[in-house]
Amino acid sequence: MSYQRRAMSIGSSTASTTSSSLYSKLGQPDVDDMLHFLNEPLPPVPQSIPSSPSNDSLDMVHQFVYDHIDANLIEQELDHRKRESLIQQLLTTERQYVHSLFLLDSVFLLPLKKDMKKSSFHFLGNKKMVLTEREMKWLFGNVDDIIQEHKAVLATLEERLLIWGPTQIISDVIHSWIPKMHMYYEYVRHYDVAMTTYDRLTKYQPFTKFIQQAQKNPSLKNETLLTLLQMPLQCIPRYDSLISAITDQTPIMHPDYVALHHVKQEMNAFAKKISSRLVDADNVTQVQKVQNLILNAPFGPNARRRLILRKDLHRVVVNGKTLGDSHSCVLFSDMLVFVRPKQEGHATLQYKGHIPLEHAKVRKLTREEAGGDNALELISSLKGVDTLNSTIMATSTNHILFAHTKEDQDIWAHKLQKVISKLDQLEAIATGKKKRETVKSLFPASHAILSIVHFPRIILQACNSHFFFFFVFLSRCVITEARRQGRTPAHSLHRVGTSSKLSMTSSSTSESEKQWSQ
């Protein structure tokens, strides 16, 4: 359009100059010519050619991979948000854990300590103590150390998150926690004693009265003393999982990437070392739950008891008499307990009997021997366990256990045999230890005799050290001195009996030596 207007302006200027020249030459212009010029229609406007982009420009546009760039940015943003969420989860769970420890300390531990001090002044007034000092140690262990250390852990974590940013590091804070985690070894190791102490104290009226009063504290909500004592068992697995997740979500270009991987390895190694103890502690918790469900059980809690198997049996026959069908059996590490549900839909169990497994015998029976399929014969020993956990005598019984399937029969046979073998091994160790203590108490000189008997073994163990020649010299000195006094190791090994016999043996030896010298 601008081009057309320029043409029109040029045309009009040309016409004006022409008319002016004609006007100057010819005089006045012709009016008809002017009207004809004005009425003449304008020439048609030329059609505009649509502009089409070239193929080269389209190729350049397609070279930009916008989708790929956007996908990478979105993925990085999601990883960043996941990492920030995990760090906030670490802070939140640590605050909750410290709060649980605070409840354990303020609601239970401190009041019990105060009561223990007050009760010492009311001894003559016959005021019963809720807990003794020894029971306090058995029940709570090293909870005081755990509370103090985790207060410091939470303080360091909150201090670092106050200056938190996308490139901020946290590995140094977490690394400072790991040496403190070794206190959980002691807590987990004495966890079975704590649970057994708790079970025994629940049958003591002053303790139950204190617990009922403490549970009225509104800050506890649904927590109990038992659940708070079980809380430390979850700390190490929680740290291990969260630290591993934070490390995995840290990008390789982050300044904390390498240090976090080192911290992850240390925490994984520590969690692996303590995992077996945590599994055992979890088994202790399961034993306690099962025992609390069994009503009217004649046996009490035992710190060494573990849960091995809980499974139903098709039928149980005791000395030829059928107890009934579909018994639920609980195999502990020291006994087999027969129970039945108290009511349908309820978790409580009714006690029906138990078999002590010390010196018991188990074997599979054929169809002809048992009169049915998948049968086991379990013969108990003459020993039993009473309510106070002491050993009593009882008659031997013969139990025929019928499993539902052949696979169940194999499982029961394997588990029972394993428990019986373990009990026999523990009893042999205890018997040997008792005999050694008896010998030491009766013969104080036996310790020196045993040292002489085991002297070659000590020498062999010292062969690889620099003190080998020192041991050789020392042994020669000992033997020379013994021979000089007429007390060789060979003679001393034959000295058994009372002190009077020992004195007679030594005097006879001295007289024979005098005769030989004369």
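Would you be able to say whether some residue in region 294-306 is among the basic types (Lys, Arg), open to solvent by 50 Å² or more (accessible area, probe 1.4 Å) and either part of a strand (DSSP E or B) or in contact with a Cys (Cβ under 8 Å, 6 or more places away or on another chain) (or both)?
Within region 294-306, none of the residues are among the basic types (Lys, Arg), open to solvent by 50 Å² or more (accessible area, probe 1.4 Å) and either part of a strand (DSSP E or B) or in contact with a Cys (Cβ under 8 Å, 6 or more places away or on another chain) (or both).
Given the options Leu313, Leu331, Leu336, Leu242, name the one that is in contact with a helix residue (DSSP H, G or I) (Cβ under 7 Å, 6 or more places away or on another chain), surrounded by 13 or more Cβ atoms within 10 Å (Cβ to Cβ) and in a strand (DSSP E or B).
So the residue among Leu313, Leu331, Leu336, Leu242 that is in contact with a helix residue (DSSP H, G or I) (Cβ under 7 Å, 6 or more places away or on another chain), surrounded by 13 or more Cβ atoms within 10 Å (Cβ to Cβ) and in a strand (DSSP E or B) is Leu331.
State all residues of region 158-198 that are charged (D, E, K, R) and surrounded by fewer than 18 Cβ atoms within 10 Å (Cβ to Cβ); if no residue qualifies, say none.
Of everything in region 158-198, those that are charged (D, E, K, R) and surrounded by fewer than 18 Cβ atoms within 10 Å (Cβ to Cβ) turn out to be Glu158, Glu159, Arg160, Asp172, Lys180, Glu186, Arg189.
If I filter region 208-222 for residues that are over 28 Å from Gln288 (Cα atoms), part of a helix (DSSP H, G or I) and not β-branched (Val, Ile, Thr), do I get at least one hit?
no
If we keep just the residues of region 268-293 that are under 16 Å from Leu349 (Cα atoms) and of a type outside the set (Lys, Arg), which is most open to solvent (accessible area, probe 1.4 Å)?
That would be Asn292.
Name the pairs whose Cβ atoms lie under 7 Å apart, with the first residue in region 358-382 and more than 16 Å from His414 (Cα to Cα) and of a type outside the set (Ser, Thr, Tyr), the second open to solvent by 90 Å² or more (accessible area, probe 1.4 Å) and at pLDDT below 90, and 6 or more positions between them or separate chains?
Taking only residues 6 or more apart or on different chains, the pairs are Asp373/Arg367; Leu382/Met393.
Looking at region 73-89, I want the residues that are in contact (Cβ under 8 Å) with a residue 40 or more places away in the chain and surrounded by 13 or more Cβ atoms within 10 Å (Cβ to Cβ) and have a partner that is in a helix (DSSP H, G or I) and not charged (D, E, K, R) with Cβ atoms under 6 Å, at least 6 apart or on another chain. Which pairs are those?
Here the result reads Leu86/Ala245; Leu86/Ile246, each pair linking region 73-89 to a residue that is in a helix (DSSP H, G or I) and not charged (D, E, K, R).
Could you tell me whether Ser219 is over 19 Å from the mean Cα position of the chain (by Cα), hydroxyl-bearing (Ser, Thr, Tyr) and either open to solvent by 90 Å² or more (accessible area, probe 1.4 Å) or more than 30 Å from Lys118 (Cβ to Cβ) (or both)?
Judged against the criteria, Ser219 is not a match.
Would you confirm whether any residue within region 201-211 is out of contact with any Asp or Glu (no Cβ under 8 Å at 6 or more places or on another chain), modelled with pLDDT under 95 and crowded, with 19+ Cβ neighbours inside 10 Å?
yes
Specify the residue that is farthest from Arg81 (Cα to Cα); the eligible residues are those in region 245-267 that are open to solvent by 70 Å² or more (accessible area, probe 1.4 Å) and of a type in the set (Asp, Glu).
My answer is Glu266.
Could you give every pair whose Cβ atoms fall below 7 Å, whose first residue belongs to region 272-289 and is over 16 Å from Ile236 (Cβ atoms), and whose second residue is of a type in the set (Asp, Glu) and in a helix (DSSP H, G or I), counting only separations of at least 6 or pairs across chains?
These pairs meet every condition: Val284/Asp192; Gln288/Asp199.
Would you mind telling me which numbered condition in (1) modelled with pLDDT of 95 or more; (2) within 22 Å of Glu223 (Cα to Cα); (3) open to solvent by 40 Å² or more (accessible area, probe 1.4 Å) Leu101 fails?
Among (1) modelled with pLDDT of 95 or more; (2) within 22 Å of Glu223 (Cα to Cα); (3) open to solvent by 40 Å² or more (accessible area, probe 1.4 Å), Leu101 violates only (3).
Which of the following residues is surrounded by 14 or more Cβ atoms within 10 Å (Cβ to Cβ), part of a helix (DSSP H, G or I), modelled with pLDDT under 90 and of a type outside the set (Ser, Thr, Tyr): Met136, Met116, Met129?
Criteria check complete, one pass: Met116.
Could you list all residues from region 339-362 that are within 15 Å of Ile420 (Cβ to Cβ), in contact with a Lys or Arg (Cβ under 8 Å, 6 or more places away or on another chain) and in a strand (DSSP E or B)?
Hit for region 339-362 is Pro356, nothing else.
Kindly list, by first and then second residue, each pair from a residue in region 135-149 that is among the small types (Gly, Ala, Ser) to a residue that is part of a loop (DSSP other than H, G, I, E, B), limited to pairs with Cβ atoms under 7 Å and residues at least 6 apart or on different chains.
Gly141/His190
How about region 365-380: which of its residues are on the phi < 0 side of the Ramachandran plot, crowded, with 17+ Cβ neighbours inside 10 Å and assigned to a loop (DSSP other than H, G, I, E, B)?
Ser380 - this is the single residue of region 365-380 that is on the phi < 0 side of the Ramachandran plot, crowded, with 17+ Cβ neighbours inside 10 Å and assigned to a loop (DSSP other than H, G, I, E, B).
Condition test on Lys361, is it under 33 Å from the mean Cα position of the chain (by Cα), farther than 19 Å from Ser328 by Cα and at pLDDT 85 or above?
In short, no.
The values are calculated or read from the model by the stated rules, or taken from the named source; none is laboratory data. Keep in mind that what you see is a predicted model, and the values were worked out from it rather than measured. Every residue, glycine as well, gets a Cβ built from its backbone with ideal geometry; the counts of neighbours run over all protein chains shown. For accessibility, only protein heavy atoms count, side chains too; no ligands or nucleic acids. Shrake-Rupley method; radii C 1.70, N 1.55, O 1.52, S 1.80 Å.
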